[in-house]
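Bear in mind these aren't lab numbers, they're just calculated from the coordinates by the rules spelled out. The shown structure was predicted, so the numbers you read here are calculated from the model rather than taken from an experiment. With ideal geometry, Cβ positions are generated from the backbone for all residues, glycine too; neighbour counts draw on all protein chains shown.
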Amino acid sequence: MNKENEGKRIWGNLLAWLRQTEASPTLEAYLTGTTGLGRSGAQLTVEVPNAFVREKLTREYGTRIQAGLTALDLDVREIVYEVHEGPTAPRKAEISEPATAVIPGNTGSGASSEVPAGSPGHSSNLNPEYTMASFIVGKSNAYPHALARSVSLSPGKNYNPLYFYGGVGLGKTHLMQAIGHEILKAHPKARVLYVSSEVFHNEYIDYIQNKKPWDRFRKKYRDVDCLLLDDVQFFESGERIQEEFFHTFNALHQARKQIVLTSDKQPHQLQKVEERLRSRFASGVVADLIPPDLEMRIAILKSRAVEEAVAIPDEVIRYIAERVSSNIRELRAVFRTVVAKASVLGLPLSVALVDETLRTTTGPQKPHEISIGMIQEEVCHQFELRQEDLIGRRRQRRVVIPRQIAMYLCRELASRTLMEIGEAFGKKDHTTVLHSCTKVEENLKTDPSLNETVERLRIRIREKLG
Ligand code: ADP
Ligand code: MG
């Protein structure tokens, strides 16, 4: 195997492992559009679409990625992330050059492009694998698929916005990106932009906090022909981002630019999203993706086998499809793990190997209860702190505020006693815990940005539950 293919394979295996052990939309957003470029000794080079993703993968997911490398015994000690963005990456985005919009039927203004070549504004962020051709159609997704095709043929016309909802791993992101690919195929100069709501939110905060030129942000999201915004349930965590997106939405909609949205809920179920936005989400067409039946699961695995040129007996395919029924992401992950295992260990692809894989490598089961540890971990992620600082005794604001928030959340989400919480935060007195909780409660009444942070943490922590 040459170096390039090997890089691709290693990164592919690692992605499968990551998706299997933690299938969160947040992580998926960062993984989308990454590619293994090559391996040199114990070093793996991975291409990422932008610096933001590099930062996230290195900092937030570094430990988990390391755990995957070890678990799969991939003999990689270091990963180097190379940023590759903009029109010089045609292989990823299939765009020939940045230019003006040419989608017929689009009469809106703002079609000219002044963003310098190579700026992130022109990277569509599409995963090259998420195409219409690789999307298997069955009973469970025939309707959303038909809508997606129709929108690809005449973007901005009939179904705007197009809103897909459904559980995790059922193909929302894939189908939404397939629309982007189709539009680009028909109109190579169209500006298509895929972004997860979380990345959109983080970028917005980054612009505000670092006082970056605001018109650049607006331009990036409003000067597009098609905006693919993934996982809008994430907007439940903030009011200001809803306000900002409300204006983005209106600008695009008025200019008859296509908007595609996905979520794990129907628009009206997004309770913490303001009504005017919910009603806009529902104002085009709404379709749901449901779990695939057995026939479709078999079809998906067969197509993977062809795609990856793996000779796998039908009975093994059927066996995997029967046992993994919840979602397509998991189905594919199990398939990949079984194939990787067979190849690494030199074993035949058999039912026994599937059994063993399901028993040993489906990763840690998601917990059913929120623990103090889960809350501490998420708060550390959020504030980029080490666990020892969070539970330590230092009194700097940088650590005190997160510590108080973590204690407050332990009370609320883990329903622990003050004593138990104190114990888990470096043996602190229960009055300290009480003081922290009261303090956060008080501040929540007046500080909207604290509200956003806390709500965001709640969502992330709940996501960890099985
Ligand atoms: P969601 O966004 O709903 O969580 P994804 O779109 O990320 O799900 O899909 C999870 C995985 O399953 C991806 O690897 C995707 O390519 C694959 N997948 C989902 N639906 C299909 C399908 N109908 N045909 C082929 N692959 C699919
Ligand atoms: Mg998704």
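Taking amide H as placed 1.01 Å from N in the peptide plane, the amide H of LEU385 sits under 5 Å from none that are at least 5 places away or on another chain.
Please rank TYR408, TYR130, TYR204, fewest neighbouring Cβ atoms within 10 Å first, as an exposure proxy. Intermediate results must be reported in sequence, preceding the final value.
Values: TYR408 24, TYR130 21, TYR204 18.
Ranking TYR408, TYR130, TYR204 by Cβ neighbours within 10 Å, fewest first, gives TYR204, TYR130, TYR408.
Given a Förster distance of 45 angstrom, what is the FRET efficiency for GLU388 paired with TRP214, based on the Cβ-Cβ distance and rounded to 0.05? After rounding to 0.05, the efficiency reads 0.70. Extension gain, LEU465-THR417: 0.36 nm per intervening residue step, less the Cα-Cα distance, totals 15.2 nm.
Footprinting exposure proxy ranking of HIS430, HIS368, fewest other C-beta atoms within 10 angstrom first, gives HIS368, HIS430. Assuming a ≥ b ≥ c are the square roots of the Cα gyration tensor eigenvalues, decide whether segment 372-466 counts as rounded (a/c under 1.5), prolate (otherwise, with a/b larger than b/c) or oblate. Taking the square roots of the gyration eigenvalues as a ≥ b ≥ c, segment 372-466 is rounded.
Which number do you get for Rg(Cα) / (2.2 N^0.38 Å) in the chain? Intermediate results must be reported in sequence, preceding the final value.
On the way: Rg = 22.9 Å, N = 466, 2.2 N^0.38 = 22.7 Å.
Here the Cα radius of gyration is 1.01 times the empirical estimate.
For segment 369-379, the Karplus equation 6.51 cos²θ - 1.76 cosθ + 1.60, evaluated at θ = phi - 60°, returns couplings of 10, 7, 9, 4, x, 4, 5, 4, 4, 5, 5 Hz by residue, with Gly and Pro reported as x.
Within the same chain, aspartates and glutamates fewer than 8 places from LYS220 are excluded, and of the rest, those with a Cα less than 18 Å from its Cα are GLU85, GLU97, GLU114, GLU198, GLU203, ASP206, ASP230, GLU243, GLU244.
Taken along the Cα-to-beta-carbon direction at a fixed 7 Å, the label points for ASP73 and ASP314 span 3.4 nm. Potential lengthening of the chain between LYS265 and THR432 amounts to 56.2 nm, from the contour at 0.36 nm per residue minus the alpha-carbon distance.
Taking a threshold of 23 Å on the Cα-Cα distance, which of the pairs LYS56/LYS265; LYS185/LYS257; LYS219/LYS464; LYS157/LYS189; LYS428/LYS464; LYS272/LYS445 fall above it? Going by Cα-Cα distance, LYS56/LYS265; LYS219/LYS464; LYS428/LYS464 fall outside the 23 Å limit.
Each residue of segment 398-411 is assigned a 3J(HN,Hα), and the resulting list reads 3, 9, 5, 4, x, 4, 5, 4, 4, 5, 4, 5, 5, 5 Hz, derived from the Karplus form 6.51 cos²θ - 1.76 cosθ + 1.60 (θ = phi - 60°), x at Gly and Pro. Taking the average, over residues, of other Cβ atoms within 10 Å as the packing measure, peptides 315-323, 75-83, 374-382 rank 374-382, 315-323, 75-83 from highest down.
Can you tell me how much longer the chain between SER325 and TYR143 gets when fully stretched, taken as 0.36 nm per residue apart minus their C-alpha distance, in nm with one decimal? Walk me through the intermediate numbers first.
Working: separation 182, 0.36 × 182 = 65.52 nm, distance 2.04 nm.
In short, 63.5 nm is gained.
Classify segment 232-275 from the C-alpha gyration tensor, please: rounded if a/c falls under 1.5, else prolate or oblate depending on whether a/b exceeds b/c. List each step's numbers first, then the result.
Numbers: a/c = 2.40, a/b = 1.46, b/c = 1.64.
Taking the square roots of the gyration eigenvalues as a ≥ b ≥ c, segment 232-275 is oblate.
Ordering MET176, MET296 by the number of other Cβ atoms within 10 Å of each residue's own Cβ, fewest first, gives MET296, MET176. For ALA186 and ARG59, the FRET efficiency from 1/(1 + (r/R0)^6), where r spans their Cβ atoms and R0 equals 51 Å, is about 0.85. The modelled label-to-label distance for the pair ARG398/LYS445, using points 7 Å beyond Cα in the direction of Cβ, is 3.2 nm. In this rough spin-label picture, where each label sits 7 Å from Cα along the Cβ direction, the SER303-VAL351 distance is 2.7 nm.
Charges only on Cβ, +1 for Lys and Arg, -1 for Asp and Glu: so what's the dipole of the chain about the Cα centre, in debye to the nearest 20?
Here the chain has a charge dipole of around 540 debye.
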